[in-house]
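The values are calculated or read from the model by the stated rules, or taken from the named source; none is laboratory data. None of the values given here were measured: they were computed from a predicted structure. Ideal geometry is used to build each Cβ from the backbone, glycine not excepted, and the neighbour counts take in all protein chains shown.
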Amino acid sequence: MPKGSPERTAARKEEIINACEKLYQTMSFKDITLKEIGSETSFSRPTIYNYFQTREEIFLALFEREYVRWNEELQRILLDNTSLTKEQIADKLATSLANRGQLLKLLAMNNYDMEANSRPELLTSFKVAYGNSMKAVRGILSKFCPEKSAQEIQSIIYVFFPFMFGIYPYTSVTQKQREAMTAANADFVYQSVYEITDNCLRKLL
């Protein structure tokens, strides 16, 4: 780790993560290199290695940041409401994910490679943010669905969180994919992130 103040280190990391996020808006993971990321920062590419050893570590940091941001929305749902119906729970959780397109896109990636090519301490930090999301959703369900047992809530979580991995592919369809679906006569109903998430949660609850 380079010498310098914690604030400088945090700022450098944030700049690298922001550069990765910017590129990811128009490029695929496989096309984004450390060289590409370095070209979007204000310092030389070798400096990146002082903070991240692989591009997977940078993506994992971006992934972690997206979970942290989602966690803030989940905490607002938990703390700003005294009671919610099941329909309202579904609505608020679906809305929170509709605001987190970057998180859903990252969930659709090959997370095995991302995690395998990251140092243990960075992976642990990511898992803390991920675990906090599960705790927050569990807290929402426990507070607003008191009739459900801990086992029932856990079952909902173990269905909903894996479901999230498929939201982006089902809702972000390219024109080429649309044309292929039409040519294949596939009976596919296009839905938004909100619609597919709200529908799932209403069934689970």
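In this entry, Phe160 passes the filter for residues that are more than 13 Å from Phe59 (Cα to Cα), assigned to a helix (DSSP H, G or I) and hydrophobic (A, V, I, L, M, F, W, C).
Before we move on, is Tyr168 assigned to a helix (DSSP H, G or I), under 23 Å from Gln102 (Cα atoms) and hydroxyl-bearing (Ser, Thr, Tyr)?
It is true that Tyr168 is assigned to a helix (DSSP H, G or I), under 23 Å from Gln102 (Cα atoms) and hydroxyl-bearing (Ser, Thr, Tyr).
Take the conditions (1) within 30 Å of Lys22 (Cβ to Cβ); (2) assigned to a helix (DSSP H, G or I); (3) out of contact with any Asp or Glu (no Cβ under 6 Å at 6 or more places or on another chain); (4) in contact (Cβ under 8 Å) with a residue 40 or more places away in the chain; Ala129 misses just one of them, which is (3).
Residue count for the stretch 98-139 satisfying the condition of being farther than 13 Å from Glu64 by Cβ and of a type in the set (A, V, I, L, M, F, W, C): 8.
Close contacts from the stretch 78-102, counting a first residue that is under 14 Å from Cys200 (Cβ atoms) and modelled with pLDDT of 95 or more and a second that is part of a helix (DSSP H, G or I) and of a type in the set (S, T, N, Q), with Cβ to Cβ under 8 Å and a gap of 6+ residues or different chains, come to Ala90/Thr197; Leu93/Thr197; Ala94/Thr197; Leu97/Thr197; Ala98/Thr197. Checking Glu7, Glu72, Glu21, Glu56 one by one, the residue that is within 17 Å of the chain's Cα centre (by Cα) and either among the small types (Gly, Ala, Ser) or surrounded by fewer than 16 Cβ atoms within 10 Å (Cβ to Cβ) (or both) is Glu72 and no other.
Is it fair to say Ile16 is touching a Cys at 6+ places or on another chain (Cβ under 7 Å), part of a helix (DSSP H, G or I), hydrophobic (A, V, I, L, M, F, W, C) and outside the structural domain of Thr197 (by TED's automatic domain parsing)? Answer is no for this residue.
Run down Ser133, Ser155, Ser118 and say which single residue is of a type outside the set (A, V, I, L, M, F, W, C) and under 15 Å from the mean Cα position of the chain (by Cα).
Details: Ser155 fails: under 15 Å from the mean Cα position of the chain (by Cα); Ser118 fails: under 15 Å from the mean Cα position of the chain (by Cα).
Result of the check over Ser133, Ser155, Ser118: Ser133.
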